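Single-structure report; data block below.
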Amino acid sequence: MERSNVIDDRLAAGPITWGVCEVPGWGTMLPAERVLSEMASLGITATELGAPGFLPHRADDLNAVLETHGVRLVASFLPLVLHDRRRRDETLSSARATARLLAATGASVLVSAAIADDRWSRPGVVTPAQWDHLAGMLDALDELCADHGLVHALHPHVGTLVETRDDVRTVLERSSVAWCLDTGHLLIGGYDPATFAADASGRIAHAHLKDVAPGLGEAVAGRRRSLIDAVRDGLFRPLGRGIAPVAATVDQLEHDGYQGWYVLEQDTDLGRHVPAPGEGPIVDARLSVDYLREVLAGQPAG
């Protein structure tokens, strides 16, 4: 495939770019009608599922909404408790329900994140037994997703059990799970995303692209700022406007033959503010799409 055509065939968006998020305490969630319309206006024809309640949970209804806007569903982000043996059945039941919906709508990837609990509490020390159980749950999710014709990918994420470079390396060595590479969360966790792309070559199934504001990323990593507070202050910037090596990461992925989606996922918290049509998240999203188009066309981006 010519790199200049990649943007047309493999660009998706995460609704969180428009402020749609399942994390407790997040701000205003814009309606799907507006979000999908603005995605389509930028030439984005694929989306992730977004937070519960954003899109219909019945396959027929969901397909009808997506078809109206000429957008397809490609993946879902699903936070799960994976280290607690007592939550095994509940966790797999939740994953199975999501996998069923994704399969019925033609999506291809279930992205998981290993949260400490449903409140997204800060994880404590993970015991060896909990790491063993987490690794076993990743295997179980791999099998569950495969049964539904999907790929399961683990997402390193701030505030979860797989956050830092050491956490990621532990899972890399103890599991064969595929990965959702996230340029922002990896950078904050101390793992250069371009280096991770090389280290996990052949195991990247999905890619979330975001950029990171200098100073704020370090404050979150040092636990001097919470993720939500930092996002409200502009932690994640339009692609090319921060310190994450987005272009180098994409170059490494393309060099290694990555064929998955590039998802614009620039976490935004709108607070209580509802921006006027044509304003708000779409402005930064347009900058990111333009930047990514230049990168994927093999042109100097800036």
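The values are calculated or read from the model by the stated rules, or taken from the named source; none is laboratory data. Just so you know, these numbers come straight off a predicted model, no measurement behind them. Positions of Cβ are backbone-derived with ideal geometry, glycine not excepted, and every protein chain shown enters the neighbour counts.
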Read through the list (1) touching a helix residue (DSSP H, G or I) at 6+ places or on another chain (Cβ under 6 Å); (2) over 30 Å from Pro128 (Cα atoms); (3) surrounded by 15 or more Cβ atoms within 10 Å (Cβ to Cβ), then give the number of the only condition that Gly70 fails.
(3)
In segment 144-169, what residues are over 18 Å from Arg87 (Cα atoms) and more than 18 Å from the chain's Cα centre (by Cα)?
Ala146, Asp147, His148, Gly149, Asp166, Arg169
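Applying the selection to segment 81-132, what residues are part of a loop (DSSP other than H, G, I, E, B) and surrounded by fewer than 17 Cβ atoms within 10 Å (Cβ to Cβ)? Steps first, answer last, please.
Narrowing segment 81-132 to residues part of a loop (DSSP other than H, G, I, E, B): 81-84, 105-108, 115-127.
Passing the criteria: Asp84, Gly106, Asp117, Asp118, Arg119, Ser121, Arg122, Gly124, Val125, Thr127.
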Pull out all pairs, ordered by first then second residue, where Cβ-Cβ is under 8 Å, the residues are six or more apart or on different chains, the first lies in segment 112-138 and is touching a residue at least 12 places away in the same chain (Cβ under 8 Å), and the second is basic (Lys, Arg) and outside any loop (DSSP other than H, G, I, E, B).
Trp131/Arg174; His133/Arg85; His133/Arg88; Ala135/Arg174; Met137/Arg88
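Does segment 54-67 hold any residues that are part of a helix (DSSP H, G or I) and surrounded by 18 or more Cβ atoms within 10 Å (Cβ to Cβ), and which are they?
Filtering segment 54-67 down to residues part of a helix (DSSP H, G or I) leaves 59-67.
Passing the criteria: Leu62, Leu66.
Find the helices (runs of 4 or more DSSP H) located wholly in segment 162-280 whose residues include 2 or more that are out of contact with any Cys (no Cβ under 7 Å at 6 or more places or on another chain) and among the acidic types (Asp, Glu), and list them. I'd like the intermediate steps shown before the answer.
Numbers: elements: 165-174, 183-188, 193-199, 216-221, 227-232, 246-255.
Per the criteria, 165-174, 246-255.
For Ala153, state whether it is surrounded by 18 or more Cβ atoms within 10 Å (Cβ to Cβ), at pLDDT 95 or above, within 17 Å of Gly260 (Cβ to Cβ) and in contact with a Phe, Trp or Tyr (Cβ under 6 Å, 6 or more places away or on another chain). Full working, then the answer.
Numbers: surrounded by 18 or more Cβ atoms within 10 Å (Cβ to Cβ): yes; at pLDDT 95 or above: yes; within 17 Å of Gly260 (Cβ to Cβ): yes; in contact with a Phe, Trp or Tyr (Cβ under 6 Å, 6 or more places away or on another chain): yes.
Yes; evaluated as a whole, the condition is true for this residue.
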Pairs only if they're at least six apart or on different chains, beta carbon under 9 angstrom, first in segment 49-61 and within 14 Å of Ala107 (Cα to Cα), second acidic (Asp, Glu) and assigned to a loop (DSSP other than H, G, I, E, B); list them, first residue then second.
Gly50/Glu22
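Residue by residue, here is whether (1) modelled with pLDDT of 95 or more; (2) under 25 Å from Ala95 (Cβ atoms) holds:
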position: Val6; (1), (2): no, no
position: Glu22; (1), (2): no, yes
position: Gly25; (1), (2): no, yes
position: Ala40; (1), (2): yes, no
position: Ala46; (1), (2): yes, yes
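The rows are residues; the columns are (1) loosely packed, with under 15 Cβ neighbours inside 10 Å; (2) touching a Pro at 6+ places or on another chain (Cβ under 7 Å); (3) under 23 Å from Pro24 (Cα atoms).
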site: Tyr262; (1), (2), (3): no, no, no
site: Arg272; (1), (2), (3): yes, no, yes
site: Pro277; (1), (2), (3): yes, no, no
site: Asp284; (1), (2), (3): no, yes, no
From the list Ala46, Ala32, Ala51, exactly one residue is touching a Cys at 6+ places or on another chain (Cβ under 9 Å) and surrounded by 15 or more Cβ atoms within 10 Å (Cβ to Cβ). Which is it?
Ala51
Could you check segment 203-240 and list, in sequence order, the residues that are out of contact with any strand residue (DSSP E or B) (no Cβ under 6 Å at 6 or more places or on another chain), buried (at least 18 other Cβ atoms within 10 Å of the Cβ) and basic (Lys, Arg)?
Arg225
In segment 261-296, which residues are in contact (Cβ under 8 Å) with a residue 40 or more places away in the chain and more than 23 Å from the chain's Cα centre (by Cα)?
Arg272, His273, Val274, Pro277
